[in-house]
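Read the structure below first, then the notes.
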Amino acid sequence: MGIAAYLLWGLFPLYFDALRPTGAWEILAHRILWSLLLCVIVLAVIRDFGWIRGLRGQYRLIAGVGIAALLIATNWVVYIAAVTSGHTSDAALGYFLNPLVTVALGVVVLGERLRPLQWAAVGIGVLAGVFLAVAGGRFPWTSLALAFSFGMYGLLKNKVGAHLSALHGLTLETAILAPLAAIALAVIATWGGGLDFGRHGGVHTTLLVLSGVATAVPLLLFAAAARRIPLVTVGLIQFATPVMQLLCAVLFLGEHVSTARWIGFGIVWIALILLTADTVVTLRRARAGRLSE
């Protein structure tokens, strides 16, 4: 289930590229609304609406989930815009940087202490960002926006969303975002030249509708896998997604990746190898310590 989730996420560039010429904001709105509808249908089938009553008076939880929803919506729209504008490799870089950003946020926001290999990984990650900005001729805004928005989303989910299952969390997040999505569609329909929904054939319309399924299924698979396999395994599997995104960009979407960009990717991969090695060694030591007690 974990592999399936990350493979599906890895194929997202092909999915969203197939939604052209629809703009990123309309795709985002459809993704939110159809995801909410799917969640409501699933909850109705399994008769699981009782958890909603438990949200009464949970203002801090709802506010935290609301901020998390805005962060994931930001992540989604930046990602969609990158793919549909021919910058999928920027998106792949963002998800390669995400583990490093998550570690850095742990230090800055949570006051966590890093081990030497973690410090080295973060330092190399910063070096990669500087190199890409200088050698690439432009600051990697898209990559950093994706990495930080998803990193902050994960941080908030860890703090305020731990009491919600994946299905409940996605339902609440999309319910919070639904009014904004409806407003976005109304604005596009009125002042943005009209909606693309239904204007480009049945296949295109079907893909827009199925964006809810494409959003919910890998999230639910990931949640199911995360409860059953070790964290280090989850961490290792997650690198399949940006690798596949990069392959999709180069092999299927015809994007050119410059030599400087490949060098930047290589620097990031060195940092990720160090981070992974630190995680594996630490978990092995902890396991050996428990066995010796």
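Can you confirm whether the range 183-192 contains a residue that is assigned to a helix (DSSP H, G or I), under 18 Å from L70 (Cβ atoms), more than 20 Å from the chain's Cα centre (by Cα) and not β-branched (V, I, T)?
The answer is yes, given that some residue of the range 183-192 is assigned to a helix (DSSP H, G or I), under 18 Å from L70 (Cβ atoms), more than 20 Å from the chain's Cα centre (by Cα) and not β-branched (V, I, T).
Looking at (1) over 18 Å from the mean Cα position of the chain (by Cα); (2) modelled with pLDDT of 90 or more; (3) of a type in the set (A, V, I, L, M, F, W, C); (4) loosely packed, with under 15 Cβ neighbours inside 10 Å, can you tell me which one L127 breaks?
Status for L127: all satisfied but (4).
Report whether or not V126 is of a type outside the set (S, T, Y), without any contact (Cβ under 8 Å) to a residue 12 or more places away in the chain and part of a helix (DSSP H, G or I).
For V126, the condition - of a type outside the set (S, T, Y), without any contact (Cβ under 8 Å) to a residue 12 or more places away in the chain and part of a helix (DSSP H, G or I) - is met.
State all residues of the range 1-26 that are under 19 Å from L253 (Cα atoms), part of a helix (DSSP H, G or I) and not hydroxyl-bearing (S, T, Y); if no residue qualifies, say none.
L7, L8, W9, G10, F12, P13, L14, F16, D17, A24
Please go through the range 244-271 and pick out each residue that is part of a helix (DSSP H, G or I), modelled with pLDDT of 90 or more and among the aliphatic types (A, V, I, L, M).
Within the range 244-271, M244, L246, L247, A249, V250, L251, I263, I267, V268, I270, A271 meet the criteria.
Could you check L207 against (1) under 23 Å from the mean Cα position of the chain (by Cα); (2) modelled with pLDDT under 95; (3) more than 30 Å from I270 (Cα to Cα) and say which number it fails?
(2)
Being assigned to a helix (DSSP H, G or I), free of Cβ contacts under 8 Å to residues at least 12 places away in the same chain and touching a His at 6+ places or on another chain (Cβ under 9 Å) is the filter here, so list the residues in the range 27-81 that pass it.
Once the filter is applied, which keeps residues that are assigned to a helix (DSSP H, G or I), free of Cβ contacts under 8 Å to residues at least 12 places away in the same chain and touching a His at 6+ places or on another chain (Cβ under 9 Å), the range 27-81 yields I52, G54.
Looking at (1) hydrophobic (A, V, I, L, M, F, W, C); (2) part of a helix (DSSP H, G or I); (3) surrounded by 15 or more Cβ atoms within 10 Å (Cβ to Cβ), which is the only condition F197 fails?
Only one criterion is unmet by F197, namely (2).
For the range 152-161, indicate whether the set of residues that are under 21 Å from the mean Cα position of the chain (by Cα) and part of a loop (DSSP other than H, G, I, E, B) is non-empty.
Within the range 152-161, one or more residues are under 21 Å from the mean Cα position of the chain (by Cα) and part of a loop (DSSP other than H, G, I, E, B).
Only one residue in V213, V217 is under 22 Å from the mean Cα position of the chain (by Cα), touching a residue at least 12 places away in the same chain (Cβ under 8 Å) and within 16 Å of G2 (Cβ to Cβ). Which one?
The match here is V217.
The values are calculated or read from the model by the stated rules, or taken from the named source; none is laboratory data. Keep in mind it's a predicted model, so treat the numbers as computed, not measured. Every residue, glycine among them, receives a Cβ derived from its backbone with ideal geometry; neighbour counts consider all protein chains shown.
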